[in-house]
Amino acid sequence: MSRPGSKKPVAFATYLTAGGMAGACEALACQPLDTIKVRMQLSRSGRTPGTKSRGFIATGVHIVKRETPLALYKGLGAVLSGIVPKMAIRFASFETYQGWLSKDNGGKTTVGNNFIAGLGAGATEAVAVVNPMEVVKIRLQAQQHSLADPLEAPRYRNAGHAIYTIVREEGVATLYRGVTLTALRQATNQAANFTAYQELKKFAQRMQPDLTELPSYQHMLIGLVSGAIGPFSNAPIDTIKTRLQKAITIPGQSSFQRIITIAADMWKVEGVQSFYKGITPRVLRVSPGQAIAFAVYERVSGIMEKMKPVVSGEDRYSE
């Protein structure tokens with residue numbers, strides 16, 4: 001692994017393989033927390049007097065009792081099918097944007113460069129992969145059928161069937177519903193994430209000058225901290241986006257009108273706290289997920305660099 005601020009040639013396959021493996025490990029470990037988060041965001045507490053919203057533990061217990069433990073992994077197929085391209089696009093686009101920004105600075109990266117490149121990388125992955133994947137995932141996660149009862153048939157059987165049904169009944173544009181909010185969320189997430197990770201990694205390497213490469217547990221700890229920053233900064237965006245993507249298309253109503261309607265209704269009926277529904281499981285999902293992704297990516301990419309000759313002209317970003 002190269003030190004932050006320096007560049008090292010690497011084959012593009014490293015982005016795909018290491019990023020895909022990191023994303024798959026993250027998804028498998030953290031999907032239950034994401035399902036709980038989505039259910040909390042979709043809950044309508046406050047509409048009936050005297051009703052209280054469940055906490056994340058109570059929500060998880062309710063899902064397990066009502067729908068079996070496997071229900072915590074609803075939507076996993078949609079997530080896994082998007083992980084490899086998402087990670088490849090994230091790393092490759094970040095490296096590209098960072099290269100453009102640092103070209104006039106002798107190739108040296110700065111905090112500002114990392115932040116702007118992170119914004120660009122987050123927006124790019126949102127449009128290319130994340131939004132369609134999340135529309136399908138949320139539709140699957142929102143289904144409250146019991147997997148223990150074979151007679152209780154779900155509307156969407158799996159990710160492929162969900163995509164087919166959504167496109168047939170609502171059009172391809174539905175897969176991009178909320179893309180502006182998704183891009184905004186991903187951009188702020190990755191800007192904060194990349195910047196914090198790079199700066200914390202620089203600090204760790206300064207404190208340990210004898211180390212040529214940080215151990216995996218330190219990458220994991222740094223990823224844990226950097227991964228917790230984004231969710232707090234954009235929780236309202238994520239909650240509105242989730243409800244927008246769950247809703248059925250209303251003819252004649254623009255995405256902006258739907259966003260305003262959803263936000264106004266949440267504020268009026270459920271209060272300001274509704275914008276932060278699911279924040280606990282989201283932090284518990286995103287932060288450990290980033291820790292896993294960073295540690296796996298660093299380890300796999302490091303092994304690949306030692307095993308295969310590099311290809312000149314391509315750069316890597318050590319996430």
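At a 1.4 Å probe radius, which order do Y217, Y97 fall into by accessible area, largest first? Please report the intermediate quantities before stating the final value.
Values: Y217 135, Y97 60 Å².
Descending order: Y217, Y97.
Averaged per residue, what accessible surface does region 133-203 expose to a 1.4 Å probe, in Å²?
Details: 3040 Å² over 71 residues.
Per residue, region 133-203 has 43 Å² of solvent-accessible surface.
For the chain, what is the relative contact order in percent, using Cα pairs closer than 8 Å and at least 6 residues apart in sequence?
On the way: 490 pairs, mean separation 100.4, N = 319.
Contact order relative to length: 31 percent.
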Exercise for the section: Report, to the nearest 10°, how far helix 179-207 tilts away from the longest principal axis of the Cα atoms in the chain, using its own Cα long axis and a range of 0 to 90°. Expected result: 40 degrees
Practice task
Grab the Cα-Cα distance for T261 and V225, subtract it from 0.36 nm times how many residues apart they are, and report the gain in nm with one decimal.
Solution key: 9.5 nm
Problem - Förster radius 22 Å - calculated FRET efficiency between V172 and W100, Cβ distance, rounded to 0.05 - result: 0.10
Handout entry: V61 versus R206: modelled label distance in nm, points set 7 Å from Cα along the beta carbon direction
Key = 4.7 nm
Practice task
For region 119-204, give the percent of accessible area contributed by carbon and sulfur heavy atoms, probe 1.4 Å, rounded to a whole number.
Solution key: 65 percent
Practice task
Taking 7 Å along the Cα-to-C-beta vector as the label spot, tell me the L28-N158 distance in nanometres, rounded to one decimal.
Solution key: 1.8 nm
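Counting only protein chains, not ligands or nucleic acids, how are M304, M87, M207, M220 ordered by accessible area (probe 1.4 Å), most first?
Reading off the accessible areas and sorting them downward yields M207, M220, M304, M87.
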Fill in the blank from the handout: Taking I237, I250 and ranking on accessible area (1.4 Å, protein atoms only), highest first, one gets I250, I237
Practice task
Over region 75-229, calculate the relative contact order: mean separation of alpha carbon pairs under 8 Å at least 6 apart, over the residue count, as a percent.
Solution key: 28 percent
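The values are calculated or read from the model by the stated rules, or taken from the named source; none is laboratory data. Treat the numbers as computed from the prediction; the structure is a model and nothing was measured. Quick reminder, even Gly has a Cβ in these numbers, built from the backbone with ideal geometry, and neighbours come from all protein chains shown. Please note that ligands, DNA and RNA were not included when accessible areas were found on the heavy atoms of the full protein model with its side chains. Shrake-Rupley method; radii C 1.70, N 1.55, O 1.52, S 1.80 Å.
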